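The values are calculated or read from the model by the stated rules, or taken from the named source; none is laboratory data. Owing to the predicted nature of the structure, the values given are computational and were not obtained by experimental measurement. Counting neighbours? That spans all protein chains shown, and the Cβs are built from the backbone with ideal geometry, glycine included.
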Amino acid sequence: MPVEIAAALAVGCPTILKGSEEAPSSAVQIVEAVVPVGVVNLLFGDPAPISEALLASPEIELVSFTGSTAV
């Protein structure tokens, strides 16, 4: 489990994981391993509109990126 997700869960915050389109099964396995259901929410899709929507949302308090410099 990525450290960002573990830290958020440790303090009781629900999380959203934007999975990679190139390796979706790894994100699915991470989410399926988390109990209870609904604590980690999984998104797939075009990264630009998803990122714009998450960054613009007043309900999102923190955004953390893990990946290449393109991210």
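The listed residues are Val63, Val11, and the only one of them that is surrounded by 11 or more Cβ atoms within 10 Å (Cβ to Cβ) and hydrophobic (A, V, I, L, M, F, W, C) turns out to be Val63. Being at pLDDT 85 or above, among the β-branched types (Val, Ile, Thr), touching a Lys or Arg at 6+ places or on another chain (Cβ under 7 Å) and surrounded by 10 or more Cβ atoms within 10 Å (Cβ to Cβ) is true of Ile50. Looking at the range 28-49, which of the residues that are out of contact with any strand residue (DSSP E or B) (no Cβ under 6 Å at 6 or more places or on another chain) and hydrophobic (A, V, I, L, M, F, W, C) is farthest from Ala6 (Cα to Cα)? If we take residues in the range 28-49 being out of contact with any strand residue (DSSP E or B) (no Cβ under 6 Å at 6 or more places or on another chain) and hydrophobic (A, V, I, L, M, F, W, C), then Ala48 is farthest from Ala6 (Cα to Cα).
Selection of the range 6-62 for residues being part of a helix (DSSP H, G or I), free of Cβ contacts under 8 Å to residues at least 24 places away in the same chain and not hydrophobic (A, V, I, L, M, F, W, C) yields Pro24, Ser25, Ser26, Gln29, Glu32, Pro49, Glu52.
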